[in-house]
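K.L.:
Next up is a structure, given as structure tokens.
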Amino acid sequence: MATANYDLVIIGAGSAGLTAASFAVQLGRRVALVEKDRIGGDCTWTGCVPSKALLKAARVAHEMRHADRYGLGPAEPAVDLKKIMARVMSVVQEVYENESPELLSQEGIDVVQGAARFLDPHTVAVGDAQITANRFLICTGAAPSVPPIPGLDGVEYWTYETIWNMEAMPEHLLVLGAGPVGCELAQAFCRLGARVTLLEAGSRILPNDEPEASEVITRQLAQDGVDVRLGAPVDQVVKEGDGIRLTLDGRDVEGDALLIAAGRRPRLDTLDLDKAGVAYSAQGIQVNGRLRTSRRLIFAAGDCIGGFQFTHYAGWQGFMAVRNAFLPGASIGVLDQVPWTTFTDPEVAHTGLTEAQARARHGQAVMVCNWPLDKVDRALAEGDTTGFVKLVHRNDGKLLGATIVAARAGEMIQELSLAIDRGLKIGDLANSMHVYPTYAMAIMQAAAHIRIEQLLSGTSGKVIRGLLQLTR
């Protein structure tokens, strides 16, 4: 059995693993990157990239049907799902070409295809080869979580991993779960022509976002034609000929396709972590704040450790794990706040604390501004006035959190995320010139509104008004 030795072996070539490998070789480390499936992981092949390509097609179809909003003649698009999926996969291939094994090898990364399993804390086996390393980094990501609903194992269903193989548009798609994946794909398939029912056991969709954001997206989905059913836990799944019947509290809903979008679970099953002495649970690999596992020289990063499940967070953690493994000192690698975006139309972006979280921490010192998008000239020009900018801040002006519901929310949130990271105040945002006309003007407008109210309230307001009287 062949044996090779490395400074670092990374298991999993998704966002965390790719970022970690690139950084490690720049530090002069000898690196092996082990991947049992496809380089790029979920984000490239089954998550971020294909879903955004599909959402673009759905948005174009929606705009065609509603072109009269812009003074144009509306047209019903000819939708061929097979062609759309072919275009989606061509985009995936373009992204993959920038992270192929050949390019990684040129960077100095040894790519090893196959499933890794630990033999001991210092050795993994990949096929017939044994690989030893001074340090390991586990980045195996997560897989779709399938709820234990009676009858589900007796029907064919889709997940975010498999739906990209769909070739014919379903007549009635049932979507189980109204988190980001469920909402995005429900809207996309509805706009492409399928009848869609979105089922959520909880009281609202997008439960991790602000309630106002959930309300806006619920209304938009309903306007698009999605049948949104809240407080609708599924009791049973039954195969009905070529169709599927779901039983919900005595009520039935039937469709010809079922998408399970009920969250994700860490991929740990084949690693033999017990042989390495690495502690883990169903929630993920246990790490400290520096991303070390229970074994000092074994680190873990990304979705396999639980917590926030975002590509950008996984990549950031991969970088931090390598930094903590090889450089002096240590940096925090686990955060309690990260920015995110759900790419529905409009998008929902969030950073920092929600209003409820801020009030739990800061009590009466918390203030909130909701700035509607219909006060933003660019949104009016584009016909995209559905949404708002919500700024959560202390009464001293320190920004604590923000939520944006807008067509460009994912781009707009970066400014607010940086502001929170750097401890900036509302006045800093108000005083920073923003380009006109842009969606980001909404941030400056909201901040200026808050700042003016602050200046004109209390003692400072009396002084300012007195001075204004003297200048007349």
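Read-outs throughout are calculated quantities, based only on the coordinates presented, and are distinct from any laboratory measurement. Note that the structure is a prediction, hence the values are computed from the model and not measured. All Cβ positions, glycine included, derive from the backbone under ideal geometry; neighbour counts span all protein chains shown.
K.L.:
What helices does the chain have that are whole DSSP H segments, at least 24 Å long along their own axis by Cα, and with mean Kyte-Doolittle hydropathy of -0.5 or more?
P.N.:
Details: long enough: 48-65 (26 Å, 0.09).
Helix filter hits for the chain: 48-65.
K.L.:
At a Förster radius of 30 Å, what calculated FRET efficiency corresponds to the Cβ-Cβ distance of residue 56 and residue 251, to the nearest 0.05?
P.N.:
Details: r = 35 Å, r/R0 = 1.17.
In this case the efficiency is close to 0.30.
K.L.:
Could you tally the net charge around residue 355, taking each other residue with its Cβ under 13 Å from the Cβ of residue 355, Lys/Arg +1 and Asp/Glu -1? Walk me through the numbers on the way to the answer.
P.N.:
On the way: positive: 359, 361, 390, 394; negative: 209, 210, 212.
Residues near residue 355 contribute +1 overall.
K.L.:
How high is the FRET efficiency from residue 83 to residue 129, r the C-beta distance, R0 25 Å, rounded to 0.05?
P.N.:
Numbers: r = 42 Å, r/R0 = 1.68.
After rounding, the FRET efficiency stands at 0.05.
K.L.:
Could you please report the charge total around residue 397, scoring K, R as +1 and D, E as -1 over all other residues with beta-carbon less than 15 angstrom from its beta-carbon? Can you show the working numbers first?
P.N.:
Numbers: positive: 394, 398, 422, 425, 451; negative: 396, 428, 453.
Neighbour charge sum, excluding residue 397 itself: +2.
K.L.:
What's the FRET efficiency of residue 236 with residue 360 using the Cβ-Cβ distance as r and R₀ = 51 Å, to the nearest 0.05?
P.N.:
Values: r = 38 Å, r/R0 = 0.75.
Calculated value: 0.85.
K.L.:
Full-extension gain between residue 93 and residue 457, please, as 0.36 nm times their residue separation minus the C-alpha to C-alpha distance.
P.N.:
Details: separation 364, 0.36 × 364 = 131.04 nm, distance 5.68 nm.
Using 0.36 nm per residue and subtracting the Cα-Cα distance, I get 125.4 nm.
K.L.:
Can you pull the one-decimal nm distance between simple spin-label points at residue 431 and residue 212, each 7 Å off the Cα toward Cβ?
P.N.:
The two pseudo-label positions are separated by 2.6 nm.
K.L.:
How much mean residue ellipticity at 222 nm does the chain get from its helices, if each DSSP H run of length 4 or more adds -39500 (n - 2.57) and you divide by all residues, to the nearest 500 deg cm²/dmol? Intermediate values should be presented prior to the final figure.
P.N.:
Numbers: 15 runs with 165 residues, N = 472.
Result for the chain: -10500 deg cm²/dmol, rounded to the nearest 500.
K.L.:
Calculate the spin-label point distance for residue 219 paired with residue 334, positioning each point 7 Å from the Cα along the beta-carbon direction, and give it in nanometres.
P.N.:
Distance between the two pseudo-spin positions: 4.0 nm.
K.L.:
Additional query: Distance from the Cα centre of segment 340-418 to that of segment 152-198, in angstrom?
P.N.:
Each part's Cα centre sits 29 Å from the other's.
K.L.:
Could you compute the longest span of the chain free of GluC sites (Glu not before Pro) located in DSSP loops and having at most 12 other Cβ atoms within 10 Å, not counting the site residues?
P.N.:
Details: sites that count: 97, 156, 167, 171.
By the stated rule (loop sites, at most 12 other Cβ atoms within 10 Å), 172-472.
K.L.:
Separation between the residue 168 and residue 380 pseudo-spin-labels, each 7 Å from Cα along Cα→Cβ, expressed in nm?
P.N.:
A separation of 4.9 nm, rounded to one decimal place.
K.L.:
Return the unpartnered cysteines for the chain, using a Cβ-Cβ cut-off of under 4.7 Å.
P.N.:
Cysteines lacking a close Cβ partner in the chain: 139, 183, 190, 304, 369.
K.L.:
Further, regarding this structure: What full-extension length gain, to one decimal in nm, is calculated for residue 155 and residue 283 as 0.36 nm per residue of separation minus the Cα-Cα distance? Could you put the intermediate results ahead of the total?
P.N.:
Working: separation 128, 0.36 × 128 = 46.08 nm, distance 2.69 nm.
Using 0.36 nm per residue and subtracting the Cα-Cα distance, I get 43.4 nm.
K.L.:
What pairs from 52/83; 83/239; 390/425; 375/398 go past 18 Å between their alpha carbons?
P.N.:
Values: 52/83 16 Å; 83/239 29 Å; 390/425 15 Å; 375/398 24 Å.
Too far apart for the 18 Å limit: 83/239; 375/398.
K.L.:
Are there any trypsin sites (Lys or Arg not before Pro) in segment 160-212 that are in a DSSP loop and have at most 15 other Cβ atoms within 10 Å? List them by number.
P.N.:
The qualifying sites: there are none.
K.L.:
If you take every residue apart from residue 335 with its C-beta less than 13 Å away from the C-beta of residue 335, what net charge results, scoring Lys and Arg +1 and Asp and Glu -1? All intermediate terms of the calculation are to be shown ahead of the outcome.
P.N.:
Numbers: positive: 290; negative: 336, 421.
Residues close to residue 335 contribute a combined charge of -1.
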